[in-house]
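Let me begin by presenting the structure, written as structure tokens, before commenting on it.
The values are calculated or read from the model by the stated rules, or taken from the named source; none is laboratory data. Everything numeric here is computed off the predicted structure, so don't read it as measured data. Here the Cβ positions follow ideal geometry from the backbone for every residue, glycine too, while neighbour counts run over all protein chains shown. Accessible surface is based on the protein model in full, side chains and every heavy atom, while ligands, DNA and RNA are left aside. Shrake-Rupley method; radii C 1.70, N 1.55, O 1.52, S 1.80 Å.
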Amino acid sequence: MHALANPNRFLKLGDRIQPWALGLCLICLAVGLPIALAFSPPDYQQGDTVRIMYIHVPAAWMSLFCYGVMAAGSASFLIWRQPVANMMARASAPVGAMFAGLCLLTGMLWGEPMWGTPWVWDARLTSMLVLFFLYLGYMALGDAFDRPEQGDKAGAILALVGSVNLPIIKFSVDWWNSLHQPSIFSMAGISLDSSMILPLFLMVGAFQTFYIVVVLMGVRTQVLTAKVRAARLMRGT
Amino acid sequence: MNGFIALIGRELRLSVRLRADTIMVAGFFAVTVILFPFGIGPEPGVLSRIGAGVLWVTALLAALLSLDHLFSDDEQDGSLDLLLTSPVSPTVMAAAKILAHWLTTGLPLIILAPLLGVTLQMPSTSTIPMMTALALGTPTLSLIGAVGAALTLGARRRGVLMPLVVLPLYIPVLIFGVGAIDAAVMGFEATGLYAVLAGFLLISAALCPWAAAVAVRISAE
């Protein structure tokens, strides 16, 4: 693990992982999207609208996952001063915000025919919206300082403070009565038909590998930006 | 402990002699609440229904406005650096500033709220629940807001950045604060909602002064 704290070594490993992740992402999308959107069976109650699930659920999971990475990266940046951890956190934020936005948007499109309303102010939806704003706040705060180091540290603290929201989102459907259905995972196993599990997991795989590709790009950009900045400071321009 | 009391004394003296915060925040609170009957219309049924929400949202904005210069005044005149080099730990310093902020801006709102509730046609039975909910909730607003104020010290476009950072974290307090008043007005049991508000207060009292202190130290580096 410690070898990866060196940005150059991390990027070398990233270069090796990135093509595989990209290929896997494309394969998952090429196989998963047709199954999800055309060949999987329609739901006996919801009909074809259930296909929104194959985008909505992976997006929701990924938005939580990205925040988890952000919080973990921020913690190890604050505690052990790992610059790469912070770069991972910074790179995860826009992706997570995008996934949270996608989750909210597809949820509204799904809620309109199913609940009869695109939006209700219940715990699940509200906490997801809060997560979206936390991402925006984190990104805005990180870029708001003249000294980049100060933005890094301030953003890291905000990410940790905001992480109290994660368990609230995860358990909101269990704690409060909600229009939103409970999680398909429970102690009793997965409450989803096997014909729907395969496309769902292919889509999760596609989203996850997409995230890896984009985050590696983001970290590389930040390392290069830091190098350019250092070089310019040395030259005094 | 001596340092803690001395710091609170300093903040309170500053507030009294500059006569800034308390009166301006209370004035902002009153004027903004009074805007709602004009904006929405004076029907008593509508006003009393939305009264709790209006009071809470306005209290939230008032807290946010006054938190803006919780640390930045001291940062600009250099006394923040002196406070950080003093033997008092930064966490205690942040806790003292937060408590002083609540005494000068949160407490007046609690006293003023029943009066404004009357103008919003809220029933007299709502007075005690309103004051209880605000008394449990406004310290949390000061605590969370202090972290935001410390994090944005020295940031560009601070005025728009602070609400973006702090308001999402205020939402749980708002939800349960309004819920407690509404439940009491409608005659339901509100103890559970008070307990949740008290829980928020305890968690943020334990974590926020520390987080604010870390953030202040980062900005002073």
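What to note about this one:
- Remark: mean inter-chain Cβ contacts per residue of B:204-216 equal 2, using a 10 Å Cβ-Cβ cutoff to other protein chain atoms.
- Choice from B:38, B:188, B:29 with maximal GNM fluctuation in chain B (Cα, 10 Å cutoff): B:38
- Entry note, chain B: relative contact order of 28 percent, from Cα contacts under 8 Å with a spacing of 6+ residues.
- Peptide B:163-172 shows a mean partner chain C-beta count of 6 within 10 Å per residue C-beta.
- Charge dipole (debye, nearest 20) of chain B; +1 at Cβ of Lys and Arg, -1 at Cβ of Asp and Glu: 120 debye
- Helical content of chain B, expressed as a calculated mean residue ellipticity at 222 nm, amounts to -28000 deg cm²/dmol (DSSP H runs of 4 or more residues, -39,500 (n - 2.57) each, divided by residue number, nearest 500).
- Volume per residue of the C-alpha convex hull in the protein assembly as shown, rounded to whole Å³: 185 Å³
- Projected-area mean, segment A:6-235, by convex hull of Cα positions, square nanometres: 14.2 nm²
- Integer Hz, Karplus 6.51/-1.76/1.60 couplings in order for segment A:194-205, x for Gly and Pro: 4, 5, 9, 5, 4, x, 4, 6, 4, 5, 4, x
- Length added when fully stretched, residue B:198-residue B:89, from 0.36 nm per residue minus Cα-Cα: 36.6 nm
- In a reduced charge model with +1 at each Lys and Arg Cβ and -1 at each Asp and Glu Cβ, chain A shows a dipole moment near 1260 debye about its Cα centre.
- Taking every protein chain into account, the accessible area of segment B:2-220 amounts to 44 square angstrom per residue (probe 1.4 Å).
- Computed E for residue A:33/residue B:2 - FRET, C-beta separation, R0 45 angstrom, nearest 0.05: 0.10
- The distance linking segment A:89-148 with segment B:142-221 is 20 Å (Cα centroid to Cα centroid, whole angstrom).
- Working ranking of peptides A:89-99, A:11-21 by packing, defined as the average number of other Cβ atoms within 10 Å per residue, highest first, is A:89-99, A:11-21.
- Each peptide in A:34-46, B:41-53, B:93-105 was scored by the mean count of other Cβ atoms within 10 Å over its residues; highest first, the order is B:93-105, B:41-53, A:34-46.
- The A-B contact accounts for roughly 1800 square angstrom of buried accessible surface, both chains included, probe 1.4 angstrom.
- Largest GNM mean-square fluctuation across B:142, B:89, B:66, computed for chain B with C-alpha springs under 10 Å, falls on B:89.
- Legend: mean number of C-beta atoms from other chains within 10 angstrom of residue C-beta atoms, peptide A:120-128, equals 1.
- Accessible area expressed per residue, segment A:1-151, with surrounding protein chains retained (probe 1.4 Å, Å²): 48 Å²
- Base-10 log of normalised Debye intensity for chain B (one unit scatterer per alpha-carbon) at q = 0.09, 0.10, 0.11, 0.17 Å⁻¹: -0.36, -0.45, -0.54, -1.16
- Inter-label distance for residue B:125 and residue B:49, nm, one decimal - labels placed 7 Å from Cα along Cα-to-Cβ: 1.8 nm
- Residues listed by number, segment B:184-221, amide nitrogen under 19 Å from residue B:40 label point at 7 Å toward C-beta: B:184-187
- Three-way shape label, segment A:29-131, alpha-carbon gyration tensor, a/c 1.5: oblate
- Taken along the Cα-to-beta-carbon direction at a fixed 7 Å, the label points for residue B:220 and residue A:164 span 2.4 nm.
- In chain A, the longest principal axis of the Cα atoms and the axis of helix A:53-80 are about 30 degrees apart.
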